[in-house]
């Protein structure tokens, strides 16, 4: 199986983090979350990392321009060229997806598949409330999910138009969900391997 370039999407509380670890372990690709990329760029003291650090310290959101640059730097590293990648938290918008497409085209590493882990709003709300974190108030959860819907609906359409979207039912136990993800990955990778 060739090195894959995967994106995982899903509402907060859909189990993306748990499933991402399993996908990375099973397929040997590197799981890269937006947070990890930002922290690594800051730790390495890159120009973009320093810019991101200044924005985060002031409580702002890192701009697309900075984020796109950090993603481009990370994807160009030899470990990802050799092993492939599972991106978690990027892209968040159709504009970021356009950028990702061009970054990967420049590296001659086309995107393999975007996995959408689909869990209904009422279920992810229930899961997040059950975690009992202080920032997981009903109002905060509702706001985060609304923002996700606004940003992600166009993103799902973007991947769908390119034939790169696999929506996977995220309900059920961890193993059942992982099996569905594996089926989606393997049916796609079989098609896309040169």
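The table below lists the values:
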| quantity | calculated |
| --- | --- |
| Evaluated at q = 0.12, 0.13 Å⁻¹: base-10 log I(q)/I(0), Debye formula over Cα of the range 1-88 | -0.39, -0.46 |
| FRET efficiency, residue 83 to residue 137 (Cβ-Cβ, R0 45 Å, nearest 0.05) | 0.70 |
| The chain: C-alpha pair distances exceeding 20 Å, % | 57 percent |
| The range 82-120-the range 2-45 distance, computed between alpha-carbon centres (Å) | 11 Å |
| Separation in nanometres of the label points that stand 7 Å from Cα toward Cβ, at residue 179 and residue 22 | 1.0 nm |
| Peptides 53-65, 163-175 ordered by average Cβ neighbours within 10 Å, highest first | 163-175, 53-65 |
| Order by protection proxy (mean Cβ within 10 Å, highest first), peptides 80-86, 145-151 | 80-86, 145-151 |
| Kirkwood Rh and Cα Rg combined as Rg over Rh, evaluated for the range 3-47 | 1.04 |
| Relative contact order of the range 70-194, defined on C-alpha pairs under 8 angstrom at six or more residues apart (%) | 31 percent |
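Only the coordinates and a few stated rules stand behind these numbers; no lab work does. Computed from a prediction, not measured in an experiment: that's the story for all the values here. Using ideal geometry, Cβ is built from the backbone for each residue, glycine included, and neighbour counts are taken over all protein chains shown.
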